[in-house]
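The values are calculated or read from the model by the stated rules, or taken from the named source; none is laboratory data. A quick note: this is a predicted structure, and the numbers were derived from the prediction, not measured. Cβ placement follows ideal geometry from the backbone for every residue including glycine, while neighbour counts extend to all protein chains displayed.
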Amino acid sequence: MPNLKIEMKKLHTLILESQKILILTHDSPDLDAMSSIFSLSHIFDHFHKPYTILFKQKPPKYLVSLDAQKTYEIDEQILTQPLSHDLIIIVDAGDLLHTGLEKQLILLKGKIIIVNIDHHQTNTNFGDINIVVPDAVSTTEIIYDIFQNFKIKITEKIANHILAGILTDTNNFTNFNTTSKSLEIASDLIAKGSNISRVLKLSRQKKSIEEMQAWGKIFSRLTKNQEQNIAYTIITKDDISQYSKDPSVLDGLSNYLNNISDAKISLVIREMPDNTIKISMRTNDDLIDVSKFAKMYNGGGHKKAAGFSIKGKLEKTQEGWKII
């Protein structure tokens with residue numbers, strides 16, 4: 001494993017020498033991913049470095065509201081030659097595939113330095129510089145350490161960003177991965193002015209009646225495989241089409257299903273418009289590591305929360321749902 005202090009020193013030098021930085025994250029970013037981007041962008045602001053925030057698709061409004069002053073691009077053409085950026089930083093992505101921009105990024109390997117900042121234990125160390133800390137509860141925890149290493153002051157706004165990522169990925173300090181370090185950092189962030197009430201409200205993401213009705217429809221398909229002790233539900237392509245204007249309606253289902261008491265593993269099986277199936281897995285069982293299963297299908301994640309994608313479509317039969 002690379003020495004993190006040395007890697008952070010390399011990152012510091014690269015940022016100072018860079019003329020323009022490109023920062024991106026995984027496809028369908030969550031609050032930790034967005035918070036990592038926004039908090040890291042304040043380091044670029046500190047050094048007066050121009051940068052571009054790039055998303056694969058338009059992120060949900062509630063995530064953008066975390067820092068409404070930040071602008072971003074959703075134009076993949078930014079990654080085509082000639083590239084105006086001289087440094088790419090990818091946060092909270094276990095590999096290039098999960099950025100949704102793998103083909104473009106592979107073509108840039110060797111032509112531009114890629115920095116990989118992440119906390120997933122299945123991270124493939126795809127960067128020229130890899131600041132990967134599997135023991136960190138969130139990627140924003142690593143960003144906190146970068147701020148400390150660079151000796152940059154953490155303002156109230158930055159503290160909110162970092163705390164949002166920590167709260168999200170520990171499920172408000174209730175997940176098994178919560179550590180004493182994450183609690184100490186949270187305490188320090190609150191001391192620095194973080195508005196924990198606002199951050200909690202954002203991380204909980206309250207649902208409207210329409211959204212809860214959508215969840216109810218999906219929960220009505222909830223099924224248990226008695227033999228495998230697995231609970232699962234289905235999100236169809238029609239469901240996704242119905243809520244295409246605001247896909248965030250369906251966010252959070254996987255974590256919610258993890259509250260099921262009489263199943264060792266919960267799955268959300270999502271049929272995508274491009275004929276792929278995304279499977280999100282959760283468990284609270286001490287003896288189960290879902291990331292190992294996800295990795296078998298080129299997926300990734302953590303011991304208790306992971307996912308992968310496969311080619312296929314969903315079909316409802318008399319015996320139940322099948323992937324064909």
Out of segment 53-80, which residues are touching a Phe, Trp or Tyr at 6+ places or on another chain (Cβ under 8 Å) and of a type in the set (Ser, Thr, Tyr)? Tyr72
What residue, among those in segment 40-63 that are within 19 Å of Ser138 (Cβ to Cβ) and touching a Lys or Arg at 6+ places or on another chain (Cβ under 9 Å), is surrounded by the fewest Cβ atoms within 10 Å (Cβ to Cβ)? His42
When restricted to Lys157, Lys151, the only residue in the same structural domain as His120 (by TED's automatic domain parsing), modelled with pLDDT of 90 or more and on the phi > 0 side of the Ramachandran plot is Lys151
Pick from segment 87-116 the residues that are closer than 14 Å to Ser28 by Cα and of a type in the set (Gly, Ala, Ser): which of them is surrounded by the fewest Cβ atoms within 10 Å (Cβ to Cβ)? Gly100
Options Ser280, Ser261: the member that is hydroxyl-bearing (Ser, Thr, Tyr), farther than 30 Å from Asp145 by Cβ and not assigned by TED's automatic domain parsing to the domain that holds His119: Ser261
Could you list, in sequence order, all residues of segment 64-78 that are surrounded by 10 or more Cβ atoms within 10 Å (Cβ to Cβ) and closer than 23 Å to Leu105 by Cβ? Lys70, Tyr72, Glu73, Ile74, Asp75, Glu76, Ile78
For segment 41-77, give me each residue that is charged (D, E, K, R) and under 18 Å from Ile146 (Cα atoms). Asp45, Lys49
Can you tell me which residues in segment 285-314 are crowded, with 17+ Cβ neighbours inside 10 Å, polar (S, T, N, Q) and touching a residue at least 60 places away in the same chain (Cβ under 8 Å)? Ser291
Single unsatisfied condition, Ser84 versus (1) modelled with pLDDT of 90 or more; (2) surrounded by fewer than 21 Cβ atoms within 10 Å (Cβ to Cβ): (1)
